[in-house]
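Asks: My questions will all concern the structure given below.
The values are calculated or read from the model by the stated rules, or taken from the named source; none is laboratory data. Just so it is clear, the model here is predicted, and its values are computed rather than measured. Because the Cβ atoms are built from the backbone with ideal geometry, glycine has one as well, and the counts that use them run over all protein chains shown. Heads up: the accessible areas ignore ligands, DNA and RNA and are worked out on the full protein's heavy atoms, side chains in. Shrake-Rupley method; radii C 1.70, N 1.55, O 1.52, S 1.80 Å.
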Amino acid sequence: MTIEPTTLTLSIPATDDGIHMAEFEVEKQQMQLGDILQLDLSTYALVTNTTLMADFFGRTLQQSKMDIIIRGPIVTRLGSLWNMKLRINRLVTMDGLKGVQDATLVSMELPGDHPLGGIIMSGVARINNPSKAVSMQMGPVTFGIYLPSKAHPEVDFYKIAEVYSPGLQLEAGKSSDIAMSGRLFHLDDWTLEEKRSSIVDLRSGSEKQLILGELLSRFIQGDNSTIQVRALSKDPDLPPWLSEAFKSIVLEMVFPGSPTKDFIRSLDMEQLEFGFSDDKRSALLSGGLSSVLQLPPNVTFPIQVLKMKPAAWIKTPGGSNMASLGILEFLPTESRQVGTTLEVRLDMDNILLEVDQDRLPEFYQFLNSSFTEEWIDLGIAGDARAVVECGLGMFEIGPILFDVVTSQRGLGGLVSVPPLLEKLDVVDSTEQSLTVKVELVVWNPSNISATLGDLSFLWSYDGYLIGMATVADLHLQAGNNTIECVGMMDPSIDCARKRDPNCEPGFARNASREFISHYISGDNTTAIEILGYSGSTKIPLLQPMMSSFSISSALPEIDQDFLISATLYLLSHTLVLELQNPLDTVITVLYVNGTASYKDEPLGHFLVDFERDIASPKPILIPANDHQNETSGYVKTPRLPVTFDLSSVGYEALKKALGGSLEVDVVCHIKAKVGSMLMWVDFVKDGVNANVRKGF
């Protein structure tokens, strides 16, 4: 049986029999008797009613099922004599594309700035065609990407990008990958498809800036967003009905978030400076806040962070927030982009650091660790907003959450470079005490500086308190610090602070005597302990740390030996001492009991009690040393009686040195007044240059 060539029409239900939207030619075909009529078609349809065709095509794209009516004559011929003419009027139900609901942007690249403005955008969209009946193949297609407005997101949309596909092919029942490339617009090029007027209260900038900021904030934190993709009828070769129908292609597509979710990769605090005050829970914090931001791997266009506003808490690693940073406004930043990494730094100036009332113990521990430990781990958590500028324009992103741990260099107990007492001057005295001024050199190895206010310390030597010191308005900087302390040497403090009725004051006096003895003997290997106590500071936040404060410092070196030289007169059995006062107050020598030796062999002994011996000269007054020249504080004693050990090996060496000199070792037990304070001092010196003379 032969089916003769014919023309059939396509129409949709509810249309008159004589009205159709398209017609198509059916070629001559053969079929066997008993077969069901089945037409194999591969032909073009001629659109006869553009309005109906546009409506049908649009419904096919949007609906899950679609009815179409096929009408027209069918002429069959059997052999050469018999033929039959039939008329088809058949309603056919077929699968539609259901609005192509399953669409995903499976890959995306934002490599750089676009020459027309905005950012170059390329990617691959995966579109699933749910219809088992309808396939669609088209040439080049332009798509618009849209985001809903804030005022009426259900109807008003901003077009934010256009992308181009060289070809669109959707096979029935399959997923197809569509390559696209184009431009993500600069904010100035956004257009609003507005169906109703709106007034929106946008306190953080324009609506466009807010929408873009929210999209990119979600993107860089790894969160997906939904965008709307529409086909645009930009091909002039498309017939009007197809252009109109083409507009009905609207895809709700996933805009995938970055595969790297930790946008703020690291955060560090630099050159910190704490300003403490009388407030019980707060301090002022200055310094640098540096962060390394990890851009998504598919984002390589230039971007600059202009300013940032972090809402941050300081916390123990893995613990609770203990103090908040009161950054109330955006702070200017410096940023540098290296590939997909952004290095950002901002400076804080007197930002309020407020400690949570329930977290004061943890904060006290943090301060104490900052002093005692070489390195401390500090948690910083919160969120940050930033104003950025790139090819898309200037807009705000955030809040970006962060919870990082940074390592800070601590003071390490100030033991890596021990503090050094560099200078000790007596500025006043009483019968019981000396007031001294000391320069203490402290090396701060950390990057933490602090304004600590007025501080006071106890001086301890050999386990006994021998005095106190105060520092006015101390500002401890990173690196080297020269700190001026005013102290009072008063051994009575030891028993006064111990409040023990059985305390023996003589122990502290002996410790004080030993301290001065080592100093004037030029021995700077002995350390003095500088201790904090409960009353060291009036600043509440510092009191726990200062109560346990302790550092050790070596005694300062003196510029010139206390005993410069000696001259021994063999016949008169006398000696003359050349002395130089290391202090800037008068020393009055009232009693001296000394022994001289040579290579551990005794030479002689001298004992003079200037207060009781009628024949002895007046007490030796050693003038104060103002350190202005080499002779300041210098004195030569009158001749003092000495008893030589005539049978000793040392005395034989002394005679051989007659007319020359000999290095001798001297040990003296001295009673003196330093200023007005009476004390006993032991002086020990090896290798004193002794001139040996014969005369009287």
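Asks: Treat every Asp and Glu Cβ in the range 1-71 as -1 and every Lys and Arg Cβ as +1, leave all other atoms uncharged, and give the resulting dipole magnitude about the Cα centre to the nearest 20 debye.
Replies: With only Lys, Arg, Asp and Glu charged at Cβ, the dipole is about 220 debye.
Asks: Another question, if that's okay. Take each of the peptides 548-556, 15-23, 562-570, average the number of other beta-carbon atoms within 10 Å over its residues, and list them starting from the highest.
Replies: 562-570, 548-556, 15-23
Asks: Rank these by accessible area, largest first, 1.4 Å probe: 526, 93.
Replies: 93, 526
Asks: Taking a Cβ-Cβ separation under 4.7 Å as the criterion for a possible partner, which cysteines of the chain have none?
Replies: Result for the chain is 390, 485, 668, no neighbouring Cys Cβ within the cutoff.
Asks: Would you list, by chain and number, the lysines whose Cα falls below 21 Å from the Cα of residue 437, excluding same-chain residues fewer than 8 positions away?
Replies: Candidates past the 8-residue exclusion: 423, 673.
Asks: Return the lysines within reach of residue 307: Cα separation strictly under 23 angstrom, same-chain partners fewer than 8 residues apart disregarded; answer none if there are no such residues.
Replies: 208, 261
Asks: Per-residue counts of other Cβ atoms within 10 Å, averaged by peptide: what ranking do you get for 673-685, 356-368, highest first?
Replies: 673-685, 356-368
Asks: For every other residue with a beta carbon closer than 13 angstrom to the beta carbon of residue 660, add +1 if it is Lys or Arg and -1 if Asp or Glu, then tell me the sum.
Replies: With Lys, Arg at +1 and Asp, Glu at -1, the neighbours total +3.
Asks: Another question about this same structure. Using modelled backbone amide H atoms (1.01 Å from N, in-plane), which distant-in-sequence or interchain residues come within less than 5 Å of residue 574's amide H?
Replies: Amide H to amide H, under 5 Å and 5 or more residues apart or across chains, residue 574 pairs with 569, 642.
Asks: Hey, what number do you get for the chain at 222 nm if only DSSP H runs of n ≥ 4 count, each worth -39500 (n - 2.57), divided across all residues, to the nearest 500?
Replies: Calculated mean residue ellipticity at 222 nm is -3500 deg cm²/dmol.
Asks: Just by accessible area at a 1.4 angstrom probe, what is the order of 155, 608 from largest to smallest?
Replies: 155, 608
Asks: Charges on Cβ only, +1 for Lys and Arg, -1 for Asp and Glu, centred on the Cα centroid of the range 513-584; of 539, 564, 580, which one is farthest towards the dipole's positive end?
Replies: Most positive-ward Cα: 539.
Asks: So how exposed is residue 109, as accessible area in Å² (1.4 Å probe, rounded to 10)?
Replies: Result for residue 109: roughly 90 Å² accessible.
Asks: Using the Karplus equation 6.51 cos²θ - 1.76 cosθ + 1.60 (θ = phi - 60°), what ³J(HN,Hα) coupling, rounded to whole Hz, does each residue of the range 326-336 give in order, writing x for Gly and Pro?
Replies: With the stated coefficients, the range 326-336 comes to x, 8, 9, 9, 5, 10, x, 10, 10, 10, 9 Hz.
Asks: Heads up, I need the accessible area for residue 248: 1.4 angstrom probe, whole protein in place, Å², nearest 10.
Replies: The accessible area comes out at roughly 30 Å².
Asks: Using the Karplus equation 6.51 cos²θ - 1.76 cosθ + 1.60 (θ = phi - 60°), what ³J(HN,Hα) coupling, rounded to whole Hz, does each residue of the range 103-118 give in order, writing x for Gly and Pro?
Replies: Using θ = phi - 60°, the values come out as 9, 9, 7, 7, 8, 8, 10, 10, x, x, 6, 8, x, 8, x, x Hz.
Asks: Right, something else. Give me D for the range 360-429 in µm² s⁻¹, whole number, from Stokes-Einstein with Rh from the Kirkwood sum over alpha-carbon pairs, 25 °C and 0.890 mPa s.
Replies: 148 µm²/s
Asks: Tell me which of 623, 695, 649 sits at the most positive position along the dipole axis of the range 618-696, charges placed on C-beta atoms (Lys, Arg +1; Asp, Glu -1).
Replies: 695
Asks: In addition: Taking the Cα centre of the range 477-591 as the origin, how large is its charge dipole in debye, to the nearest 20, when only Lys and Arg (+1) and Asp and Glu (-1) carry charge on their Cβ atoms?
Replies: 520 debye
Asks: With all protein chains present, calculate the accessible area of residue 631 using a 1.4 Å probe and round the result to the nearest 10 Å².
Replies: 100 Å²
Asks: Still on this structure, I have one more. Report, in order of residue number, the helices in the chain meeting two criteria: a C-alpha extent of 15 Å or more along the helix axis, and a mean Kyte-Doolittle hydropathy of at least 1.6; treat each whole DSSP H run as one helix.
Replies: Qualifying helices: none.
Asks: Using unit Cβ charges (K, R positive; D, E negative) and no other charged atoms, how large, in debye to the nearest 20, is the dipole of the chain about its Cα centre?
Replies: Its charge dipole is roughly 1340 debye.
Asks: In addition: Treating cross-link reach as a plain straight distance, find the lysines whose alpha-carbon is under 29 Å from the alpha-carbon of residue 656, omitting any fewer than eight places away in the same chain.
Replies: Hits, sequence-local ones excluded: 599, 636, 685, 694.
Asks: Could you compute the net charge surrounding residue 56? Neighbours are other residues with a C-beta less than 15 Å from the C-beta of residue 56; K and R count +1, D and E count -1.
Replies: Neighbourhood net charge equals -1.
Asks: Once fully extended, how much extra length lies between residue 680 and residue 486, figured as 0.36 nm per residue of separation less the alpha-carbon to alpha-carbon distance?
Replies: 67.5 nm
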